[in-house]
Every structure is written in structure tokens, then in C-alpha cells.
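Each reported figure results from applying straightforward, stated rules to the coordinates on display, with no laboratory input. All figures in this text were calculated on a predicted structure; none of them were measured in a lab. Cβ coordinates were reconstructed from backbone atoms using ideal geometry, including for glycine residues, and neighbour counts include every protein chain displayed.
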2 protein chains.
Amino acid sequence: MSEENEKILFELSDELISQVEQLIVEKNDKELHHLLDDFHYADIAEILDELDLEDAIYIIKLLDSETTSDILTELDEDIREKVLKNLSAKEIAEEIEELDTDDAADMIAELPEDRQKAVISQIEDEEHKAEIQELLAYDEDTAGGLMAKELVKVYETWTVAGCMRRIRGQAKDVTRVHSIYVVNKEEKLIGRLSLKDLITAKSEQKIAEISNANVDSVNVNDDVEDVAKVMQKYDLEAIPVVDDNQVLLGRITIDDIVDVMKEEAEKDYQLAAGITSDVEHDDSIFQLTRARLPWLFLGLLGGVGAFLIMEGFQESFSKYAVLFFFTPLIAAMAGNVGVQSSAIIVQGLANDDVKGSINSRLLKEMFLAALNGFILAIFLFLFVWATKGDMNTALAISISLVAVIIVAGLIGTFVPLFLDKRGIDPAIATGPFITTSNDIFGILIYFWIAKMILGI
Amino acid sequence: MSEENEKILFELSDELISQVEQLIVEKNDKELHHLLDDFHYADIAEILDELDLEDAIYIIKLLDSETTSDILTELDEDIREKVLKNLSAKEIAEEIEELDTDDAADMIAELPEDRQKAVISQIEDEEHKAEIQELLAYDEDTAGGLMAKELVKVYETWTVAGCMRRIRGQAKDVTRVHSIYVVNKEEKLIGRLSLKDLITAKSEQKIAEISNANVDSVNVNDDVEDVAKVMQKYDLEAIPVVDDNQVLLGRITIDDIVDVMKEEAEKDYQLAAGITSDVEHDDSIFQLTRARLPWLFLGLLGGVGAFLIMEGFQESFSKYAVLFFFTPLIAAMAGNVGVQSSAIIVQGLANDDVKGSINSRLLKEMFLAALNGFILAIFLFLFVWATKGDMNTALAISISLVAVIIVAGLIGTFVPLFLDKRGIDPAIATGPFITTSNDIFGILIYFWIAKMILGI
């Protein structure tokens, strides 16, 4: 067991880092090669993320560009930026030559604008250069920004035998052949076939006879999140990208979609936790502050609002000071219920499975909130009655709690639906936004209802 | 544009549903075939999710089992359960025959135990039956529970030509050929090659000569989340599964991993929002209540705790009633900061990139919290001073706020790290758990410090 477990996940150890650092000090290139050549480039990138900048650059200059280009794509973004700063335009261009067009374009896009031009001008392979420049023109959130130009394309008029010959040539540039795309003489996508189809066909057959006309594709301007949904729903491992005239432009593979999905999930999770912009725990204090402070400030404003409401009711409830001691409870319940309701809706919207009318949804949420509220209110009623011995106060607090929970549930359901209709990412609704507004509404409703019940 | 957009996402319309329902009433099977045969099985599953049970069963019985087996795997779990209840063991077995072993085992595992046996006994293909029974024995959270038996396997001693011949046979059962796995005569995995390698090799070459010995694999008992990490990190589209003796047992494909990742992300998101167990917005009110109520009850206890604390300080602060009006603000800030800190750590832990010592992490979080707290405290100080005109009160509230925020940040950082060390999913720390404990700690610290500063 332990052997397999070691194998499954590469473990970055302090010993390994020290060993690499020591070998760099000794300039023992042979031993470094010997040590690192066994590792996957993604593992070497993890090692480099932990080294000093000079040491990382030493390794990048030591290994051949076929490996280092892949390592660079896997490096932490901040580290990559620093490493690339220390390489000449010529050296970066050499790395770019080794990369697939999608990774190449992504790496160039991260460079400052003047460097971009310098690097592009140093790329020797004219076709690679033109393809990268094409990709750089697309918005990064569209299919065009995600696709690679590398694909295997055959014409419908070819024979299987001719096709096999040509594919041997094209496939060298394509890391993984998922599908072979069939185009007509206008370069329009008209079908697909798999290597399996090709192997099992007779060599004199025409491509048109064995290709499958039922080929999914996405438009170059489609949103990457929509592309992710299509590939996931239909279990696709690659999807061709076409322009408005159905001309084949590139293809997107599932590994890029996996990255998109992961980023999207992390962004939503962070938004729900009150963190804007994509930060990681090892970002600088300044970056982390900038991502968190706006939401905290919103919370501060909410707290000030709650303060003003309580002050406004101070006179009325001078005899019922105990009511004020329950405001944190009311605020917490309103916030929690709101977050729960909004989270369910936000997830439903993300999965495109929120069907039916808004009214029936609000009605269901109202029932649910009323049920939860009622159960919780019984406990609260018994607690207040037992400790304070005043049934009126206990009733006022408990009935208010039910009302607050129902309203909180409705707000939590309505706000994301409303934002979504307006074309705003509903994910911002789960978290501080809903918590803060529910705090204020909750406390206001609580005092109103308590006032009515106690007849003040 | 609009044409492409229509194509990219199948849109379920009320018109389409009515059309299908009407055709079922008319028993117009020909027209139903004509309409549905154009749709992808995942789209037909969406239609069936919206139909009445009898109508859904009508469609399942109408279409051929090659299509309906795939439709069944895509149906909403509740609907599938109901549909399967209305099919005989024989009918289910016919659907199972059409499925890959992994989907077949998953579908059987959902059936009640006595039906499982009845269905399995009706499977005619003995090999398929044995493979499904093998898969049913693995824990669903392990590689074994996720893998399929379908794969393309060749022996190292074969020639390329012989291999091509055999593959034509094996590949028929395998939807997608990612890699061809090379085994020795003990069935141990010793390498891999791609169809591309095979096509570009000479027909008299031995497999051993052209295969790549550097093959990643996972153990059948490995946790699916670890498998997901490996496949994601190394951009793999399929990974072979072996036993402790390196004997090849099956393979896992990326589309299954995509589903695992999605479920994991949704579960974490729900936990952060205070929802346990995997629920969807269209689950029953009872299911939704059971998922939400425990966390709300925790919040209620927290609120009662806050009440007791405030009551305890009632005497001391009789002259400073204004302090009580800021408790919702203090509680909200403590909760928000705690959630922010814990979310970052939970994500870091999920990505395996929380390195370095706990102490340095706590120190960083303390600086960050102090910085945020200081900025927010200045605003609060100015507000209280301006509205109340009492600098002492303003100072007491503001300084407490900074302390509360620092402690909240430390708790938010420490709790998930602690849970993780103990082998508990740290994701439960983000959300009501941290909010509630921080509410109580926050209010307690607030009154303590205010008491010291005001010298009561």
C-alpha cells in the first residue's frame, strides 16, 4: 500500500528542496539533471515555486527548453512573472516555440505589452507565430481565448489510406488525438471520426463514408462557462471551435475545462466567504487586504445601520432591555437563513436547473423557512419563558424570530434570482451582501413585531 | 450568432414538453421517434425529468435500450429510482447490458438489495456480469468504485501488426481509446502506448520496443479525491487502476473525475453556507429542512450564548447602554473575518498548497487582521465620536473592534488547520461553525476590553 501511496502523490519535502539548493551551490549540473529528469514537469514546477528566484532561474537555464516550457506553464503566476523578467526575449521565444499555441498565447498575454512584441518577433516558426497572434486577439473568457490551434483535420474527399499518411504528419504536433475533424473544401466543419474508426475502416474507403456528421461544436465567441457546461453535459473530451460560418478554427480539450471549472468553483466559494478577486493564501498582505476589506466595510455599514435602529427603539423598550440582548441572535439567524437560501439558488442557477416560476420557488422557500422558524421558535420561547418567567416577552421574541426567518429566506431566494435576471453574477449574493442586508432587515422586523405584540 | 447560441445549449421549453405529452396521449410512436431521435440522450433525460412518471416510462419503453440505458444514467436520481421501480428485473438487466461496467455497477448499487440480485441474475453476458459484480465490491469513494473494466490491453510480447488486429476487437467495447495499456504475462501493468504510437510504428516491431514504461497509475483502494488531484495535476485523460501487485484492474476516465470535482465543489459550497448533506433546490421540504436545521440550531445556541454574555455585563454598563447597540456590528465583523480567513485556508488545504509552519501562517493572518481592523476602527471611531461626542466610548468601541477582528482571524485560521490535522474535513469550519463561535468570542472580548478601557 505505502509504495502505491507514495507514487500517487508527489510529496514536496524540505529534504528535497535542500538537496536541490545544495547541488545548485555546488554547480553540480550532472547530479541536478540526474535528480530532476525523473520528475514530471508539474512536480519540478512545485520545487521551483519553493526556491529562491536565482535558483529557480538556474534550473530553468539548466534544463532543456522542451521541459522548461512545460515547467513555466505550471509555475505559480507570481513566480513565473519574476522568472520571465529575468529571461531575454530570445530565451522566452525559445520556450514559446515548444508550447502548444494555447499555452504559448497565455504566457505571452501575461507579459508587459512592449515585451510581448519583442518576444513574438523572435519566434522563428512563422506558422506558430501567426497562430499565436490569432489567439491573442480573442477575449480570454471566450472559446477563442481557450482553444488551441493544434488539431488533426482531414478533407472529406480523402481516402482512409491517404488520411492515415497525412495524419502521421499532423499528429506529431498534437499531444493527444481525440477526434479527427472532417472539413469540406471551404474549411467548414462537417463531421468527425476517431482514430478507432480509421483503424477499423478499409483503406480504400472515402472519409465522407466513415465520418460522423453529428459533430458538436462551439462558436469562437461563446462564453467559456457555456463551453464547460456543454462538454460536461455531453461528456466530451474535446470540442471543435468554429466561426460564424462554421469554419474550423481550433479545439478545446477537457483539461483546460477542468481548470476553468476549478477556478469558477474557487471564485464562487470565495465570493460566498466575502473575498473578491481570486486570491490565494500565500498572496501578499496587500492583495489579501484589498480582496477582503470591501466586504468588511459593507459589514461595518450594516452594523452601523443596526446601531441606528436599536437606538431608535431605545425609548420604546426602556422597560424591556432584555429584547436588546437578543439582537445578535436575531441577526445571526437572519444571516444564516439568508445564506442557506441563496446558496441553494446560486448553485441551481449555475447548473441551469432552476426551472418553474419565481413565485412557486418563493412559496416553497416561505414554507421551508416557516417550518424551520417554527421549530427554532419553540426552543427560544421555552428558554426565554424559563429564564425570564415572562410569557409575553417570550412570545414576542419567538414570533418575531419566525417572521424574521421567513423574510430572510425570501430575501435569500429573491436576490440571486433578481441579480441573475439582470445579468449580474448571482454568486455575489451569497455571503456578506445577504448577511448584512438580512442583519438590518432582521433587527428592524424584530423590533416592529415585538412592539406590536407587547402593545407599546 | 443566435444560431450558434441555440446550438451550444439545448433549451428545454414548455412547448417541447407539451408536444411530447400530446404525442404520448395520441400514442403517436412514429412521430415521437422522429422527434426524440434527433436529441442527445442527456437532453432526452432533461425532458423526462419534467414529464409525469407514466409518460417517462412510456418513452423509456418506446426507445431502444441502447439509447434508454444512457438516458437512465443521466436522469435525476429520484426520477430514475421511480422509473426503475416500474421496470421488471429483466427489463433493467437489458438496460444494464448496454452500459459500460462503471455505469452499470452504479445503477445496480442504487437498487434495493433484493432487486440487485434479481437484476444481476438476469444479465446474460457472463463476462459483463462478473465484471459488474467485481466493481460492486469496491467502496464508492475509492478508485475501484469509480473505475470501469473497459480498456484496451496488449501484451508486451505482441507485434504491432498483431496488436492492431486484436485492438480492432477490443476497441469495439471501449467508447474512447485514450491509452493502450501494456501488461506482462502476469497481467502486471508495465507500460502504455497511444493509438498514435501504434499507427506511426512499423508493423513488425514488438510492443515492448515502442511502449512507454513511464505510466502513471493509481491503486484500487486510493481515495477518489486523490485520484482527481493526480489526474488534474498531470493533465491526464485516463489513468489505469492496479492492485497492490501492480496487476491491471481497470481505468478511470476524466469525465468521471469532472463529476467528482463538481460534487466536491458543491458540497464545500453548501457546507460554507450551512447546509449539510448534498441537497438540490428541488428536493423535498423535509430533505431541505433536515439539511439546514442543525446549523440554524447551532446559530440559535450561539445567540443564546450572546444573550447570556450581554445580560452578564448589564450591570457594569448601565451607564453605557450605547455599547449594547454595537453588539450586532461586533458579531457581524467577527463572523465575516472568521469566514474569510477560514475560506482561504480551506481552499489552500484542498489544493494541497498550505506549506510552511502553522505559526508563520497565524502571524501573517494576525498582521492582515490588524491592518483590516485598524482601517475599519478609524471609521467606527469617527462615527461614534461624531454622533455621541464621547471620545472614551468611541475609543473603547474602536479598540475592541481591532482586538475582536484579530482574534476572529486567528480562530478562522487555526480551526480548519486543527480539523485537518485531526483528519476531519476542514470545510465544515467555514460557515455557521466559525460564525457562531466568533459571534460569542467577539462579543465577550468586546465587553472585556470596553470594560478595561472605560475603567468600570
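With each pseudo-label sitting 7 Å past Cα toward Cβ, what's the residue A:375-residue A:318 distance in nm, one decimal?
So the label points at residue A:375 and residue A:318 sit 4.2 nm apart.
Based on the mean of other beta carbon atoms within 10 Å per residue, what is the order of A:178-191, A:139-152, most packed first?
Numbers: A:178-191: 18.1, A:139-152: 20.7.
Ranking the peptides A:178-191, A:139-152 by packing returns A:139-152, A:178-191.
Under 17 Å from the Cα of residue A:185, which lysines turn up, not counting those fewer than eight places away in the same chain?
Here the lysines satisfying the reach criterion relative to residue A:185 are A:153, A:206.
Is the range A:243-371 rounded, prolate or oblate when judged by the Cα gyration tensor, a ≥ b ≥ c being the square roots of its eigenvalues, rounded requiring a/c under 1.5 and prolate requiring a/b larger than b/c?
oblate
Can you tell me the dipole magnitude for the range B:285-454 around its Cα centre, using point charges on the Cβ only (Lys, Arg +1; Asp, Glu -1), in Debye to the nearest 20? Write out the running numbers ahead of the final one.
Working: 10 positive and 9 negative charges, 8 e Å.
With only Lys, Arg, Asp and Glu charged at Cβ, the dipole is about 40 debye.
Which whole number gives the average, over all residues in A:303-312, of C-beta atoms from other chains lying within 10 Å of the residue C-beta? Could the numbers behind the result be given before it?
Details: counts 13, 9, 2, 7, 12, 2, 2, 7, 5, 1.
Counting Cβ atoms of other protein chains within 10 Å of each residue's Cβ and averaging gives 6.
What's the average, rounded to a whole number, of partner chain beta-carbon atoms within 10 Å of each residue's beta-carbon in B:337-348?
Numbers: counts 5, 1, 9, 11, 5, 1, 11, 12, 1, 3, 9, 3.
Counting Cβ atoms of other protein chains within 10 Å of each residue's Cβ and averaging gives 6.
Would you work out the relative contact order for chain B, in percent, from Cα pairs under 8 angstrom that are 6 or more residues apart?
Relative contact order of chain B: 10 percent.
Would you work out which of A:146, A:183, A:162 lies farthest towards the positive end of the dipole of the range A:70-207, given +1 charges on the beta-carbon of Lys and Arg and -1 on that of Asp and Glu, about the Cα centre?
A:162
Please find the FRET efficiency linking residue A:301 to residue B:125, where r is the Cβ-Cβ separation and R0 is fixed at 56 Å, and quote it to the nearest 0.05.
Efficiency, from the Cβ-Cβ distance: 0.25.
Would you be so kind as to identify which of A:20, A:83, A:41 lies farthest towards the positive end of the dipole of the range A:11-138, taking Lys and Arg as +1 and Asp and Glu as -1 on Cβ and the Cα centre as origin?
A:83
Along the Cα→Cβ direction, 7 angstrom out, place labels at residue A:424 and residue B:216. What is the inter-label distance in nm?
4.1 nm
When you count, for each residue, the other Cβ atoms within 10 Å and take the mean per peptide, how do A:390-397, B:157-164 rank with the highest first? Please report the intermediate quantities before stating the final value.
Working: A:390-397: 18.8, B:157-164: 17.2.
Answer by packing, highest mean first, reads A:390-397, B:157-164.
Please compute, for peptide B:319-327, the average count of beta-carbon atoms on other protein chains lying within 10 Å of each residue's beta-carbon.
Going residue by residue through B:319-327 and averaging, the value is 5.
Roughly how many whole Å is it from the C-alpha centroid of the range A:82-137 to that of the range A:13-48?
Cα centroid of the range A:82-137 versus Cα centroid of the range A:13-48: 27 Å apart.
Starting from the amide H of residue B:142, placed 1.01 Å from N in the peptide plane, find each other amide H under 5 Å away whose residue is 5 or more places distant or on another chain.
B:224
Using a cut-off of 14 Å between beta-carbons, work out the net charge of the residues near residue B:405 (Lys and Arg +1, Asp and Glu -1, residue B:405 not included).
-1
With a Förster radius of 51 Å, plug the Cβ-Cβ distance of residue A:82 and residue B:157 into 1/(1 + (r/R0)^6) and report the FRET value to the nearest 0.05.
Between residue A:82 and residue B:157 the formula returns 0.50.
For residue A:152, what residues show an amide H to amide H distance below 5 Å, using hydrogens built from the backbone and excluding near sequence neighbours?
A:181
Counting pairs of alpha carbon atoms under 8 Å apart in space and at least six apart in sequence, what relative contact order in percent does the range B:285-454 give? Spell out each step's value before the answer.
Values: 186 pairs, mean separation 65.1, N = 170.
Here the relative contact order equals 38 percent.
Rounded, prolate or oblate: which fits the range B:285-454, taking a ≥ b ≥ c as square roots of the Cα gyration tensor eigenvalues, rounded meaning a/c under 1.5, else prolate when a/b beats b/c?
Values: a/c = 2.51, a/b = 1.43, b/c = 1.75.
In terms of gyration-tensor shape, oblate.
What number, rounded to the nearest 500 deg cm²/dmol, is the helix-based mean residue ellipticity at 222 nm of chain A, given -39500 (n - 2.57) per DSSP H run of at least four residues and division by all its residues?
-21000 deg cm²/dmol
So which helices of chain B fit the span-like rule, where a helix is a whole DSSP H run, its Cα atoms reach 30 Å or more along the axis, and its mean Kyte-Doolittle is at least 0.5?
B:285-312, B:327-350, B:358-388, B:391-421, B:432-454
Gain in length, residue B:234 to residue B:114, computed as 0.36 nm per residue apart minus the alpha-carbon separation, to one decimal in nm?
39.0 nm
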